[in-house]
Structures are given as structure tokens and as C-alpha cells.
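Asker: Can you keep this structure in mind? I'll have questions shortly.
The values are calculated or read from the model by the stated rules, or taken from the named source; none is laboratory data. Everything numeric in this text was worked out from a predicted model, so none of it was measured. Glycine also receives a Cβ, built like all others from the backbone with ideal geometry; neighbour counts cover every protein chain displayed. Heads up: the accessible areas ignore ligands, DNA and RNA and are worked out on the full protein's heavy atoms, side chains in. Shrake-Rupley method; radii C 1.70, N 1.55, O 1.52, S 1.80 Å.
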Amino acid sequence: MAAPHPATNESVLNDVQRQAVEAGVSLDALPQHVAIIMDGNGRWATSRGLPRLLGHREGYRSLRTVIKDAYDLGLKYLTVYALTAETWRRPDDEDEGLMKLIEKATRDELRVMHQNNVKVRAAGRIHEVPESLRQALEDGIETTKDNTGLVFTLAVYYGGRAEIVDAVRALVQEGATPEAITEDALRAHLYNSDIPDPDLMIRTAGEMRWSNFLIWQSAYAELAVTEATWPEFRLEHMIEAIKQFQSRKRKFGGL
Ligand code: IPE
Ligand code: MG
């Protein structure tokens, strides 16, 4: 009989892994890259008679927990949609509050993420992000650049179509001929070409849309939608999504 895989050896499981295994997750077949469309902060707040910004603050608590659970579980990549390129569609005070919150969160969480070997990345039109937030992100990326644990990517000022446009522009700028514009060449010019495509995309608050998130990279991703709003999202919901992922047979267009 083959020796048990170390990850499934009961004695070395941490609490998060144990909870996942007890719920029926196979640790040998985890998705390697989970992307999350965090949605429903506003609904969480308004349904409780609270200002929307409090929903975003609660959402930050969820994110902090989920990042920790992700590395405890053993995921390699986690990407979350924090700000769209169309964030200006929100009322000014909400937009500004959200931006401040993301900046504060990025600064406040840096130490603990660094201690936990998390590598911070960003995706989006970073050059258009307001200076102080951009600085916080760049500090985070620089500080953690040699870490080898979970790669955590924050999508800010992100739009999937804009990302494809930016990739084509970069190719053209390099003088690429029409024949040189291939799927591989385009993929290599997306914001983070070294990060593999997500294999599981989770969306909260029950909506069934991609919302312009990682539209190139998620061509073959499994989608799991949870009714829980983002502020309510916890390990149990992540486990449920991973179980759905593991119960589906991925075919990549084949039989
Ligand atoms: C998610 O919640 C917001 C972010 C991740 C920034 P929303 O603000 O979109 O909440 P709803 O959709 O209005 O409930
Ligand atoms: Mg929303």
C-alpha cells in the first residue's frame, strides 16, 4: 500500500484543513487559484439599516479571515475583486470611503501577511489609482516580493476588457505583427502573466454574472455562487464552493 500523502495524514492537518476534510473536501485536489467576486456589502448593510460603508468595513473582516483560511488550507493563489475600473459610478463619498478603507487595510494587514509568507500583488490600471493607495499597494508588493506562500492579488481599478486592451496595446507598442498576436502572446501581456488562470471563481450575494472580472483568465474556471453576502462569507462557504468544484468534471472543451 502506498504511503499516505502528507497532506492527508490526519496528524499534520491544521484546524482549517481538518474542517475541510470533515466536510468532504479532498486536500489532494484543491483548486490552485481561487478568484472571488466579493459582492453584497451594500445589501448586507442596508438590510440592517446601516450605512453602506459599514458593509464594506464588515467585508474587510471577511477578507482578512478568508486570506488566513486560504493559506491554512493550502491554496496557492487567491485573487479578489476589490475595486472596478468603474468605481466612479458609486456616489463620491462611498467611493472615497471604500478607497480609504482599502488603503488602510493594505497598510494594516501588511505585517501579518508578511509574517505568514503571503506575497501581495495587484491587478488593474494601477497607474490610475490615487497616489496614497498606490503607494500602499506598492509598499505591500515590494515588502513581500520574496515570499513563497499564498499569492494574494488585489484587483483595484480593474476591468477585464481594459486588461485585454492594455495587453494588446503593449503588444503593439513592442511592434508585434498581426501574426505575432497569438493567444499565448496576449496572455503573456496580461497584468500578472506569472499567475496561473483561476480554476475556481466564487461569487457572493447570489448574482450570476462575471462582471468583467478576469474574463480572459476565467474562460475555463468553474463558477460557484453563494447566497451569502460577502460580509457573511466564511470558511464554510469556501468549503462548499471547493466541494462543488471537486464534484464537477473539468473537460476544457474535450470529452
Ligand atoms: C461589494 O459590495 C463591494 C466591493 C467589493 C467593493 P457592493 O457594494 O457591490 O454591495 P451591493 O451589491 O450593493 O449589495
Ligand atoms: Mg454589488
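Asker: For K249, go through the aspartates and glutamates and keep the ones whose alpha-carbon is under 15 Å away, minus same-chain ones fewer than eight residues off.
Answerer: Excluding near neighbours in sequence, the set is D199, E222.
Asker: Something else now. With a cut-off of at most 16 other beta carbons within 10 Å, and DSSP calling the residue loop, which trypsin sites (Lys or Arg not before Pro) in region 108-159 qualify? Please list them.
Answerer: Hits after loop and neighbour filter: R125, K145.
Asker: Let me ask something additional. Looking at the chain, identify the longest residue range that excludes and avoids all GluC sites (Glu not before Pro) in DSSP loops having at most 15 other Cβ atoms within 10 Å.
Answerer: 87-173
Asker: Let me ask something else about it. With label points built 7 Å along Cα→Cβ from the Cα atoms of V172 and F252, find their separation and express it in nm.
Answerer: Calculated label separation equals 3.2 nm.
Asker: Can I ask one more? Could you name the lysines in cross-link range of K145, using Cα to Cα under 26 Å and dropping any fewer than eight places away on the same chain?
Answerer: K68, K76, K100, K104, K119
Asker: Further question: Rounded to whole Å and sorted largest first, what semi-axes of the equivalent ellipsoid does the C-alpha gyration tensor of region 173-255 yield via the square root of 5 times each eigenvalue?
Answerer: 31, 16, 10
Asker: Sticking with this one: What FRET efficiency, computed as 1/(1 + (r/R0)^6) with R0 = 41 Å and r the Cβ-Cβ distance, is obtained for D194 and D93, rounded to the nearest 0.05?
Answerer: 0.65
Asker: Given a 1.4 Å probe and every protein chain left where it sits, what share in percent of the accessible area of region 31-247 is carbon and sulfur?
Answerer: 50
Asker: Could you give the accessible area per residue of the chain, probe 1.4 Å, as a whole number in Å²?
Answerer: On the way: 13300 Å² over 255 residues.
That works out to 52 Å² for each residue.
Asker: With charges set only on the Cβ (+1 for Lys and Arg, -1 for Asp and Glu), what does the dipole of the chain come to about its Cα centre, in debye to the nearest 20?
Answerer: Numbers: 31 positive and 38 negative charges, 88 e Å.
Value, rounded to 20: 420 debye.
Asker: Rule-of-thumb check for the chain: C-alpha Rg over 2.2 N^0.38 Å?
Answerer: This ratio for the chain stands at 1.04.
Asker: Tell me which residues come under 5 Å, amide H to amide H, from E222 once H is placed; ignore anything under 5 positions away on its chain.
Answerer: L200, M201
Asker: Roughly speaking, what is the stretch gain from I126 to V112, that is 0.36 nm per residue apart minus the C-alpha to C-alpha distance, in nm to one decimal?
Answerer: Working: separation 14, 0.36 × 14 = 5.04 nm, distance 2.34 nm.
Length difference between fully extended and current span is 2.7 nm.
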